[in-house]
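Notes follow once the structure below has been shown.
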Amino acid sequence: MAGKTEQSPAHKTALYGMLIALAFVLSFVETLIPISLGVPGVKLGLANLVTVVGLYTVGIGGTVAVSMIRIVLVAFTFGNVFSMMYSLGGWVLSILLMILCKKREWFSSVGISVIGGVGHNIGQLCVAALVVKQAGVFVYLPVLLIAGTAAGLVIGLVGGMIVERLPRFIKKL
């Protein structure tokens, strides 16, 4: 939380486990929502809600660990090696940009989420270009920029509300 206090290893393990489980469930829910914008792989990015909230609550290290575990679990459960490769490619650019912007305090949670959504899509396109050895995949960039911005706005707004209310909720526990 903002102004984090030292937590026991058991508390951290339980918290990270809950965040991984939440991200995993959100990834599953996302597989049930059909979205077709004429571009393969366009999703809402619901699991990125955990990433945004994590950056403001458990810090960079915890968020990176939770995200990496989520990507591997989701790929092995709902996808394959290629889906993991695309997810990791998008995630690397996304998380680097989000961390940079958060550390510099350039943007709110909404701005950081939008940058993450757009960065994720650009990262995935770069992986796709390497896999198919064609720069032609970048023809999808305009649609993916719009989709990443829209999804980032929604995730950032919801994430900001959660981060704002989380300390009050935790005090009640």
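Can you tell me which residue is modelled with the highest pLDDT among those in the stretch 80-114 that are of a type in the set (F, W, Y) and outside any helix (DSSP H, G or I)? Ranking the qualifying residues of the stretch 80-114, first place goes to F107. Regarding the stretch 152-162, can at least one residue be identified that is without any contact (Cβ under 8 Å) to a residue 12 or more places away in the chain and surrounded by fewer than 18 Cβ atoms within 10 Å (Cβ to Cβ)? Yes; the residues of the stretch 152-162 include at least one that is without any contact (Cβ under 8 Å) to a residue 12 or more places away in the chain and surrounded by fewer than 18 Cβ atoms within 10 Å (Cβ to Cβ). Within the stretch 104-125, restricting attention to residues that are surrounded by fewer than 18 Cβ atoms within 10 Å (Cβ to Cβ) and in contact (Cβ under 8 Å) with a residue 12 or more places away in the chain, the residue that is farthest from the chain's Cα centre (by Cα) is S108.
Yes or no: the stretch 115-126 includes at least one residue that is in contact with a Cys (Cβ under 9 Å, 6 or more places away or on another chain) and either closer than 16 Å to L46 by Cβ or assigned to a helix (DSSP H, G or I) (or both). Checked the stretch 115-126: at least one residue is in contact with a Cys (Cβ under 9 Å, 6 or more places away or on another chain) and either closer than 16 Å to L46 by Cβ or assigned to a helix (DSSP H, G or I) (or both). The condition (being touching a Ser or Thr at 6+ places or on another chain (Cβ under 8 Å) and under 26 Å from V72 (Cα atoms)) is satisfied by just one residue among G148, G116: G116. Could you tell me whether any residue of the stretch 109-130 is within 16 Å of Y56 (Cα to Cα) and among the polar types (S, T, N, Q)? Yes: the stretch 109-130 contains one or more residues that are within 16 Å of Y56 (Cα to Cα) and among the polar types (S, T, N, Q).
Candidates L93, L157, L144, L100: the one that is hydrophobic (A, V, I, L, M, F, W, C) and over 21 Å from L44 (Cβ atoms) is L100. Working carefully through the options V137, V118, V110, V114, find the one that is among the aliphatic types (A, V, I, L, M), over 20 Å from V154 (Cα atoms) and out of contact with any strand residue (DSSP E or B) (no Cβ under 8 Å at 6 or more places or on another chain). Matching residue, one of V137, V118, V110, V114: V137.
Applying a threshold of 6 Å to beta carbon distances and a minimum spacing of six or more residues, or different chains, the list of pairs starting in the stretch 32-43 at a residue that is within 18 Å of S87 (Cα to Cα) and ending at one that is modelled with pLDDT of 70 or more and outside any loop (DSSP other than H, G, I, E, B) reads V39/Y140; V39/V143; V42/A147; K43/E30. Kindly establish whether F82 is surrounded by fewer than 15 Cβ atoms within 10 Å (Cβ to Cβ), touching a residue at least 40 places away in the same chain (Cβ under 8 Å) and more than 11 Å from the chain's Cα centre (by Cα). Yes: the conditions hold for F82. Name every residue in the stretch 66-79 that is among the aliphatic types (A, V, I, L, M) and either buried (at least 17 other Cβ atoms within 10 Å of the Cβ) or not in a helix (DSSP H, G or I) (or both), in order of residue number. Passing the criteria: V66, I71, V74, A75. Contact annotation: residue pairs with Cβ atoms under 8 Å, 6 or more positions apart or on different chains, pairing a residue in the stretch 6-30 that is closer than 21 Å to F76 by Cβ with a partner that is aromatic (F, W, Y) and part of a helix (DSSP H, G or I), are S27/F78; F28/F78.
Is it true that some residue in the stretch 25-36 is within 21 Å of V137 (Cα to Cα), within 13 Å of the chain's Cα centre (by Cα) and modelled with pLDDT under 85? No.
The values are calculated or read from the model by the stated rules, or taken from the named source; none is laboratory data. Everything numeric in this text was worked out from a predicted model, so none of it was measured. We place every Cβ from the backbone using ideal geometry, glycine too, and count neighbours over all the protein chains shown.
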